[in-house]
Structures are given as structure tokens and as C-alpha cells.
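The values are calculated or read from the model by the stated rules, or taken from the named source; none is laboratory data. Predicted model, so just to flag it, every value in this text is computed and none were measured. FYI the Cβ positions are ideal-geometry reconstructions off the backbone, even for glycines, and counts take in every protein chain you see. Areas reflect the complete protein model, heavy atoms only, side chains present, ligands, DNA and RNA absent. Shrake-Rupley method; radii C 1.70, N 1.55, O 1.52, S 1.80 Å.
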Amino acid sequence: MQKEFFQLLCETVMQPDYDLFVYHEESRTYWFNGQSLESEADFMLIGLVFGLAIYNSVILDVHFPLCLYKKLLGQDVGIKDLEQMQPDVARSLKKLLEWSGPGSVEDVFCATFVVDQPKGFGETTAVELVPGGSDLAVTEENRRRYVDLYVDFVLNESIRAQFNAFRRGFLLLTDGPVLALFRADELEV
């Protein structure tokens with residue numbers, strides 16, 4: 001009965017109608033919606049529900065990327081983590097890093113220090129990764145910085161408020177020395 005309760009609750013909050021999480025079809029995982037209009041209290045409540053499930057030894061069928069669990073444990077995340085969630089985007093960023101010709105990075109990729117962020121209802125908004133980023137071209141010299149900023153934006157900056165609230169709720173019941181014994185992949189299971 002406990003498992004059914006938690007599973008039904010999780011399935012409900014993961015629905016797109018609630019605007020809390022975004023589903024990535026290519027990886028079949030959910031990620032925080034950084035543009036959600038829901039309050040931080042809602043994300044904290046969801047984190048509390050997940051923590052309560054773990055506290056009660058209930059295993060949930062919820063598909064978050066491994067980087068969520070790494071972030072819950074305070075570990076750094078990077079392009080390998082993005083690759084698990086958005087493989088096509090990560091491959092494109094790796095191609096940008098590895099590009100050696102013909103043509104310059106600037107001419108071939110035509111990229112600036114901007115990322116398109118989903119706004120909702122199929123719309124996107126351009127967000128500058130650095131001040132004046134829409135006027136700063138990605139070149140051979142600065143492409144590593146661009147990739148690092150892009151990955152950090154997707155996995156950290158764009159969802160900072162939502163994740164921090166979720167983490168606070170999750171840690172209300174699970175924080176302590178026992179949590180430190182887990183690796184991210186064990187916590188995922």
C-alpha cells in the first residue's frame with residue numbers, strides 16, 4: 001500500500017500539466033523545469049516525498065538522470081552527466097571541442113555565448129551565458145569556456161532555485177552520516 005501511494009503521487013507530479021519537470025524523450029528521463037511557475041515550496045514538498053519514500057524503504061519507478069543523485073550528494077556534474085540526459089546536445093558540444101577543420105569554429109558552428117531555454121508552450125528564450133554573450137562568437141580559443149558555461153547552465157544555473165528547494169525537502173529526512181555512505185548510482189537504485 002505504501003509503494004502504491006508513493007508511486008501514484010510521483011506519477012501525478014511528473015505529469016507535464018504540473019509544469020514541474022521536463023521529460024527528455026531521447027534519454028527517457030525527467031529534469032527540473034527551470035521556467036516553472038510553481039513555487040519553491042512545491043519543489044521542497046516533492047523532495048520531501050522522495051526523502052520519505054527512501055526513509056520508508058520504498059523503491060520508486062522514477063527516471064531521473066544520475067546527475068540528480070550526484071547533485072544531492074554534493075558532487076560536481078559535467079558534460080558526461082549532460083550526455084546521459086541529453087545525448088544529442090552533449091555530442092554536439094563534444095564535436096565543437098574536437099573540431100579541427102576545415103574552416104574555423106566561428107565559421108562552421110556560428111555560435112555565440114547564448115543558450116536557448118524552453119519557455120513553455122513550445123517557445124524558447126535566449127539566455128546569455130556571459131554579459132554581452134549574444135555578441136561574443138565561439139572561437140577556437142574560447143570554445144572550452146563556452147562548453148563549460150553551457151553545461152553548467154543546463155545542469156546547475158537554470159534550475160538552481162528548483163533543485164535547491166527539492167534538495168532541502170529531500171534532506172529533511174535523509175540527511176546524516178548514512179547518506180554519505182551511498183554513491184550516486186546506489187542512491188539512484
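Rundown of residues vs (1) among the charged types (D, E, K, R); (2) part of a helix (DSSP H, G or I); (3) modelled with pLDDT of 85 or more; (4) open to solvent by less than 40 Å² (accessible area, probe 1.4 Å), yes/no style:
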position: Ser92; (1), (2), (3), (4): no, yes, yes, no
position: Gly103; (1), (2), (3), (4): no, no, no, no
position: Val108; (1), (2), (3), (4): no, yes, yes, no
position: Ile159; (1), (2), (3), (4): no, yes, yes, yes
position: Ala180; (1), (2), (3), (4): no, yes, no, no
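Based on this model, can you work out whether Leu97 counts as part of a helix (DSSP H, G or I) and in contact with a Phe, Trp or Tyr (Cβ under 7 Å, 6 or more places away or on another chain)? Considered against the rule, which asks whether it is part of a helix (DSSP H, G or I) and in contact with a Phe, Trp or Tyr (Cβ under 7 Å, 6 or more places away or on another chain), Leu97 comes out as no.
Of everything in the range 1-56 that is touching a Pro at 6+ places or on another chain (Cβ under 9 Å) and not hydroxyl-bearing (Ser, Thr, Tyr), the residue that is surrounded by the fewest Cβ atoms within 10 Å (Cβ to Cβ) is Glu26.
Only residues that are in contact (Cβ under 8 Å) with a residue 24 or more places away in the chain and open to solvent by less than 70 Å² (accessible area, probe 1.4 Å) were counted across the range 110-121, and they come to 6.
Table: residues versus (1) over 22 Å from Leu179 (Cα atoms); (2) out of contact with any Leu (no Cβ under 9 Å at 6 or more places or on another chain).
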| site | (1), (2) |
| --- | --- |
| Pro16 | yes, yes |
| Val22 | yes, yes |
| Thr29 | yes, no |
| Ser36 | yes, no |
| Ser39 | yes, yes |
| Leu45 | no, yes |
| Asp61 | no, yes |
| Asp81 | no, no |
| Asp88 | yes, yes |
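Counting only residues that are at pLDDT below 90, under 19 Å from His24 (Cβ atoms) and of a type outside the set (Lys, Arg), how many does the range 110-134 have? Walk me through how you get there before you give the answer.
Initial filter on the range 110-134 (at pLDDT below 90): 110, 116-126.
The next check asks that each one be under 19 Å from His24 (Cβ atoms); those that pass are 116-125.
Among the residues that remain, those that are also of a type outside the set (Lys, Arg) are: 116-118, 120-125.
Number of matching residues: 9.
Among the residues making up the range 145-157, those that are crowded, with 20+ Cβ neighbours inside 10 Å, of a type in the set (A, V, I, L, M) and over 16 Å from Tyr30 (Cα atoms) are Val147, Val151. Of the residues making up the range 57-68, those that are touching a helix residue (DSSP H, G or I) at 6+ places or on another chain (Cβ under 6 Å), open to solvent by less than 30 Å² (accessible area, probe 1.4 Å) and at pLDDT 90 or above are Pro65, Cys67. Picking from residues in the range 75-90 that are part of a loop (DSSP other than H, G, I, E, B) and either of a type in the set (S, T, N, Q) or modelled with pLDDT under 90 (or both), the one that is most open to solvent (accessible area, probe 1.4 Å) is Gln75.
Here's the yes/no breakdown for (1) touching a Phe, Trp or Tyr at 6+ places or on another chain (Cβ under 9 Å); (2) among the aliphatic types (A, V, I, L, M); (3) over 17 Å from Lys71 (Cα atoms):
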position	(1), (2), (3)
Gly133	yes, no, yes
Val151	no, yes, no
Val154	yes, yes, no
Glu157	no, no, no
Ala165	yes, yes, no
Arg168	yes, no, no
Leu172	no, yes, no
Ala180	no, yes, no
Ala184	yes, yes, no
